Structures are given as structure tokens and as C-alpha cells.
Amino acid sequence: MVEDLFRIENLSMSFGDKKILKNINLVIHRGEIFALMGPSGAGKTTLLRILNFFEKPAGGDLFFEGTRLSHVREINTVRQRMSLLFQTPTVFNTSVFNNVAYGLKVRKMDRTAIEKKVKDALTIVGLQGKERQKARTLSGGEAQRMAFARAIVYDPEILFLDEPTTNLDPANVAKIEEIIMQVCDEKTTTIVLATHNIPQVKRIANRVGLLLNGELIEVSSKDQIFNSPSDARASAFIKGDMVY
């Protein structure tokens, strides 16, 4: 039975007079890889930031496990169960270990537990043995994988990924995609991936939502949206016939 983890209703967002998101209704299922697809400027990053509570929407309601989130205490509690990986990784000027351990130290976890969790996370992303290396000496692909380890080290229930493979070489793209599927499968982490990379969505997503000009025009299974989309704009976007 499919379990709803996160739900948003009638969500909107504006910056000044510009409407960024318009009447968004979306349900995220527990344990799925949900791809939020759309061209640059469609509002994907803004929606991810709202879901992770980095931004407050202009209107609408957010529900987590069926509970409407309306108080700061509720929001802060849920936020601790989430993680967001940005398109460009933040790299602290210290060791790989300290970069990955940062969130655990903030949570005041004991040293033994931190060492185990950091080791496990680095193993998942293929950076085992690099704990003492200066993080800023890593390659771009390694830095993104280190940031991924930092995002999953405290076992979030839901992980938001904002264009996580942009500007990476094919080998690192394949590795990141492998990590995404492994984390979802083995840790039962719910993944929400914002991307305009159609082949990537085809490879790893379970369900897909297409965001165009701030509107979520279609949400369906991967097979449905790529083989027989219900909206003509979705079909045009997928075929590359629509230029933005």
C-alpha cells in the first residue's frame, strides 16, 4: 500500500510582482524517487526550498504524515528529518571527515557514533579512505559525492536533490545516480529530485511531475508521462519541441 509522506495543497509563491509558483498540489509517496522535471526558471528550486522550509510560501498548506504544519515547533521537528543537496556543493576548508560529520556534531552525537556514520556514508558514495584528505583538494565529482555523504549521514527520511549532477562528467553522473537508487532502496529514503535532465529521469525516477512556468501541469508514473502524457505541453517538452 502506497503511503503519503508529504503533501502540499494550493501552494503559491511570488517574488515581488512576479508569480513563481501557482496553485501547486502534490503528494510525495514514502520510499519513492520523485523527479520534479522542467526547464531552467520553471520554479523547481523554489519549490524544493519551500518543501525543505528554506522559504515560506505566499499561500497554501503543507502536510507531513497527514499533519498540517502550521507552527514553528512542528516545522523544526520535521525539518530535522529532511536534507537538501544543492546543485553546487558547499565545501568547508577542513578534512573530508569534518565536512561529512558537521551535521552530526551539530546534533551533539557522541564521537563513536559519528565515526561509524561518517565511515558508512563515505563508503556509500565511494570515498572511503579519504577521511583525512583536505576537502578542497577533491575533484568536482568527488566534492559532490562528499556533499551527498553529508546529506545522508544522519539518515534523513526525505532527501531533496537540486540538479545534483550538473556539470559532472559521465562517470560521476553514473555514480551519483547509483548512489540515489542505493539510498532509496537500502535506507528507504524518499528522494525528490529537481532536474531538467530527461534521460536521467528515465533512468532512476518512479514518478514524475512536470513544472512549466510555475505550474505543475502533470504528475504521473514515469512510464505514463514519457509514453502517453495527458498534457500536450508535457509531450512537447519531452520531445524537445518546446523552447524556453
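Summary table below
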| item | result |
| --- | --- |
| Checklist (1) modelled with pLDDT of 95 or more; (2) open to solvent by 70 Å² or more (accessible area, probe 1.4 Å) applied to ALA149, failing item | (2) |
| Selection count where residues are out of contact with any helix residue (DSSP H, G or I) (no Cβ under 6 Å at 6 or more places or on another chain) and open to solvent by 10 Å² or more (accessible area, probe 1.4 Å), scope the stretch 171-180 | 5 |
| Some residue of the stretch 161-180 being of a type in the set (Asp, Glu) and part of a strand (DSSP E or B) | yes |
| Selection within the stretch 107-139 - among the acidic types (Asp, Glu), part of a helix (DSSP H, G or I) and over 23 Å from the mean Cα position of the chain (by Cα) | GLU115 |
| Subset of the stretch 1-30 that is charged (D, E, K, R) and part of a loop (DSSP other than H, G, I, E, B) - its residue that is nearest to ILE191 (Cα to Cα) | ARG30 |
| Complete set of residues in the stretch 1-32 that are open to solvent by 10 Å² or more (accessible area, probe 1.4 Å), at pLDDT 90 or above and β-branched (Val, Ile, Thr) | ILE20, VAL27 |
| Selection count where residues are loosely packed, with under 15 Cβ neighbours inside 10 Å, hydrophobic (A, V, I, L, M, F, W, C), at pLDDT below 90 and closer than 28 Å to THR166 by Cβ, scope the stretch 70-115 | 1 |
| Scan of the stretch 205-219 for residues that are under 24 Å from VAL183 (Cβ atoms) and polar (S, T, N, Q), ordered by number | ASN206 |
| Filtered residues of the stretch 190-223 (kept if closer than 25 Å to LEU51 by Cα, open to solvent by 20 Å² or more (accessible area, probe 1.4 Å) and part of a helix (DSSP H, G or I)) | ILE198, PRO199, LYS202, ARG203, LYS222 |
| The lone exception for VAL118 - which of (1) at pLDDT below 95; (2) β-branched (Val, Ile, Thr); (3) touching an Asp or Glu at 6+ places or on another chain (Cβ under 9 Å) it fails | (1) |
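The values are calculated or read from the model by the stated rules, or taken from the named source; none is laboratory data. It should be emphasised that the depicted structure is a prediction, and the values quoted were computed from it without experimental measurement. For neighbour counting, all protein chains shown are included, and Cβ atoms are generated from backbone atoms with ideal geometry for every residue, glycine included. Areas reflect the complete protein model, heavy atoms only, side chains present, ligands, DNA and RNA absent. Shrake-Rupley method; radii C 1.70, N 1.55, O 1.52, S 1.80 Å.
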